[in-house]
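Inspection log for the structure reproduced underneath, given as structure tokens.
The values are calculated or read from the model by the stated rules, or taken from the named source; none is laboratory data. Source: prediction; values computed, not measured. Cβ sites come from the backbone with ideal geometry, for glycine too, and all protein chains shown count toward neighbours.
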Amino acid sequence: MTTDLRTRHDADIAETSLDAFFGVTFPALVQRNAQHLHPWLGTRQLPDLTFQCGDRHWRLSQRNGGVVAAPGAAATGPCVKLDEEEFSGLVNDQYTPMTFLVGGTLNMERGGIGELLDWWLVLRALIDARTIGCAAPLDFPGLDGQPLDLRHGFHPDDAIEQMRHFLQTAGFLHIKGLFSEQEMTAISADIDANQHKYQEGDNKSWWATTKSGERRLVRLQAFDQLSQPTAALLQDPRFLRLGDITGDGHRHSGLAGNAIEALIKPLDVVKGISDLPWHKDCSLGRHSYECCSLTVGVSITGAGPDSGQLRVIAGSHRVLMWPSLISDADAQGLPIIDLPTQTGDVTLHLSCTHHMAQAPTARERRVLYTSFRLPHAADAAGRAARERISRSREAAYKNVSQ
């Protein structure tokens, strides 16, 4: 098994138009890959979906157990308006419907995001030859053939082969006590000492409003530039070895000018993004170019069900499903795992693994987040695309916080 799920490279992108894709490419994809729509498609009846680019319209319909495309607009059902670049990017997995939603550019004349996401699954299944949902229950065998204990926490000196297999199979990993309480106390003190250096609108911080009306700093970007202990952590062999766990050559790589972020998760947030609902880190696009990257959370404080703990859907990196906007009931029968941590623990999850953070109710949480990426995923085109995705996330934050 591997965590390298990439099937495309930026150099291979071929721009396409509405007419070229639905008139020529789509029928061939249906003929070749229709089996990847089942059994998921047989459990629902999708409304007709109209794509509009300028004055051109094509409609998708579910017919006779399959799907067809025809020129012209449907009389009913959802209608999404995209420009040619957006449509080509959607086909080429540069964007998803979530890109337009969180960026504030989603333009639907009729219908809602859920209907568009269902049809997006159809497109991805046909284009990428991936089966939608769980055609059969997923299993989680250990190296010994026995079922994995999905709530198992590893220790830093455990065998890397055991950690690798768990991560590849389950999509996440919990390592206990990688860093000391003293190290985390020093980083927490730096958060307190440097908060005044962040201001709303500085493009390097996120803010939220609590029930009392207080504006709280919740995300401190490029924190290694202000905290020597945090900068030292990024060079620590204990940290750098995390990239070796996958066996796929992951290396540490943050966004330009933002190698690592410190997050504060306060109580009683009523406005702004602090505790994210279920999502995949590739929910805004580029799954087939960059997945799986490896997201690392370093617990400055411990976390439990009442203090902002991470939750994951085990095996969701192996399933084509909505990339966001799901509830616990939409987990496709996959196990939902809570990841309580102690100070100094580390959590890792793959970019395709559904995860969320519970809102703290008893005490706030502090955590560092950064990522490792696959080799060759940091070329100029990839960096530019990640910066675009980062801007989309920033736009989503501003939309929610205003």
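Quickly run through the stretch 128-147 and pick out the residues that are touching a helix residue (DSSP H, G or I) at 6+ places or on another chain (Cβ under 6 Å) and among the aliphatic types (A, V, I, L, M).
Those that are touching a helix residue (DSSP H, G or I) at 6+ places or on another chain (Cβ under 6 Å) and among the aliphatic types (A, V, I, L, M): 129, 132, 143.
Among 74, 125, which is the only one that is aliphatic (A, V, I, L, M), crowded, with 18+ Cβ neighbours inside 10 Å and within 25 Å of the chain's Cα centre (by Cα)?
Checking each option against the conditions leaves just 125.
Here are the criteria: (1) of a type outside the set (Phe, Trp, Tyr); (2) farther than 30 Å from residue 352 by Cα; (3) out of contact with any strand residue (DSSP E or B) (no Cβ under 8 Å at 6 or more places or on another chain); (4) in a loop (DSSP other than H, G, I, E, B). Tell me which single one residue 192 does not satisfy.
(4)
For residue 303, work out the one condition from (1) surrounded by fewer than 23 Cβ atoms within 10 Å (Cβ to Cβ); (2) in contact with a Lys or Arg (Cβ under 8 Å, 6 or more places away or on another chain); (3) at pLDDT 95 or above; (4) among the small types (Gly, Ala, Ser) it doesn't fulfil.
In the conditions (1) surrounded by fewer than 23 Cβ atoms within 10 Å (Cβ to Cβ); (2) in contact with a Lys or Arg (Cβ under 8 Å, 6 or more places away or on another chain); (3) at pLDDT 95 or above; (4) among the small types (Gly, Ala, Ser), residue 303 misses (1) alone.
Considering only residues that are assigned to a helix (DSSP H, G or I) and either touching a residue at least 60 places away in the same chain (Cβ under 8 Å) or not assigned by TED's automatic domain parsing to the domain that holds residue 301 (or both), which ones fall in the stretch 163-180?
Result: 163, 164, 165, 167, 168, 169, 170.
Mind checking which strands (runs of 3 or more DSSP E) fall wholly inside the stretch 196-270 and carry at least 2 residues that are β-branched (Val, Ile, Thr) and surrounded by fewer than 20 Cβ atoms within 10 Å (Cβ to Cβ)?
205-210
So which of 87, 140, 172 is within 24 Å of the chain's Cα centre (by Cα), surrounded by 14 or more Cβ atoms within 10 Å (Cβ to Cβ) and over 21 Å from residue 349 (Cβ atoms)?
Answer to the check: 87.
Can you find a residue in the stretch 284-291 that is over 17 Å from the mean Cα position of the chain (by Cα) and outside the structural domain of residue 92 (by TED's automatic domain parsing)?
Taking every residue of the stretch 284-291 in turn, none turns out to be over 17 Å from the mean Cα position of the chain (by Cα) and outside the structural domain of residue 92 (by TED's automatic domain parsing).
Output the number of the condition that residue 102 fails; it satisfies all remaining conditions of (1) surrounded by fewer than 21 Cβ atoms within 10 Å (Cβ to Cβ); (2) within 26 Å of residue 5 (Cβ to Cβ); (3) of a type in the set (A, V, I, L, M).
Residue 102 satisfies all of (1) surrounded by fewer than 21 Cβ atoms within 10 Å (Cβ to Cβ); (2) within 26 Å of residue 5 (Cβ to Cβ); (3) of a type in the set (A, V, I, L, M) except (1).
Consider residue 58 against the criteria (1) of a type outside the set (Ser, Thr, Tyr); (2) farther than 16 Å from residue 88 by Cα; (3) surrounded by 12 or more Cβ atoms within 10 Å (Cβ to Cβ): it satisfies all of them except one. Which criterion is unmet?
Unmet for residue 58, out of (1) of a type outside the set (Ser, Thr, Tyr); (2) farther than 16 Å from residue 88 by Cα; (3) surrounded by 12 or more Cβ atoms within 10 Å (Cβ to Cβ): (2).
Testing residue 280 on (1) of a type in the set (Lys, Arg); (2) closer than 23 Å to residue 338 by Cα; (3) at pLDDT below 95, one condition comes back false. Which one is that?
(3)
For residue 109, are the conditions met, namely being surrounded by fewer than 14 Cβ atoms within 10 Å (Cβ to Cβ) and acidic (Asp, Glu)?
In short, yes.
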